Amino acid sequence: MSIGDLPILSMMKQRLHWLTERQQVLAQNVANANTPGYEARDLKELDFGAMVDASGPKLSPVATNASHIGTPIAGSADGMNLGQARGGETIKKPDFETTPNGNSVVLEDEMVKVAQTQMDYDTVTSLYSKSLGLIKLAISGNS
């Protein structure tokens, strides 16, 4: 197994790809802010729970004593492969601020979404690089 195949790193790569696609969709919205009839779009959020389910077996508590409290049965992955989380489809966002020419892009909202997407991207890239640093530290054995 290569380092890039670790489930947590694969999930971070999936998130980075989703954020890149979302930034492209938002850029299209901004570029078409004055196009008559253009409807603002966004990407459907990734389902993190599905990504975790697809990443492999889960640990479940085991009752070793009769006085332990029972736990509900954990759900199983529904046949999804790692990196194929639900979400990422382009969706049209209904908006109450549609102009008379049919355009539903609100530049202020789009700029907020662009800024949030950039902050999320920066956060995930930082986590990714720190995770790789921790793996390198564990492999080298230096403290």
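Worth pointing out:
- Using R0 = 30 Å, the C-beta based FRET efficiency linking Asp42 and Thr125 works out to 0.90.
- Using θ = phi - 60° and Karplus 6.51 cos²θ - 1.76 cosθ + 1.60, couplings along segment 123-131 (whole Hz; Gly, Pro as x): 5, 5, 5, 5, 4, 4, 5, 5, 5
- Karplus 3J(HN,Hα) series, Hz, for segment 5-17 with 6.51 cos²θ - 1.76 cosθ + 1.60 (x for Gly, Pro): 8, 4, x, 5, 5, 5, 5, 5, 5, 4, 5, 4, 4
Values quoted throughout were computed directly from the atomic coordinates according to the rules given, and no laboratory measurement underlies them. As the structure is a computational prediction, the values presented were derived from the model and not from experiment. A quick note on method: Cβ atoms are made from the backbone with ideal geometry, for glycine too, and the neighbour counts reach across all protein chains shown.
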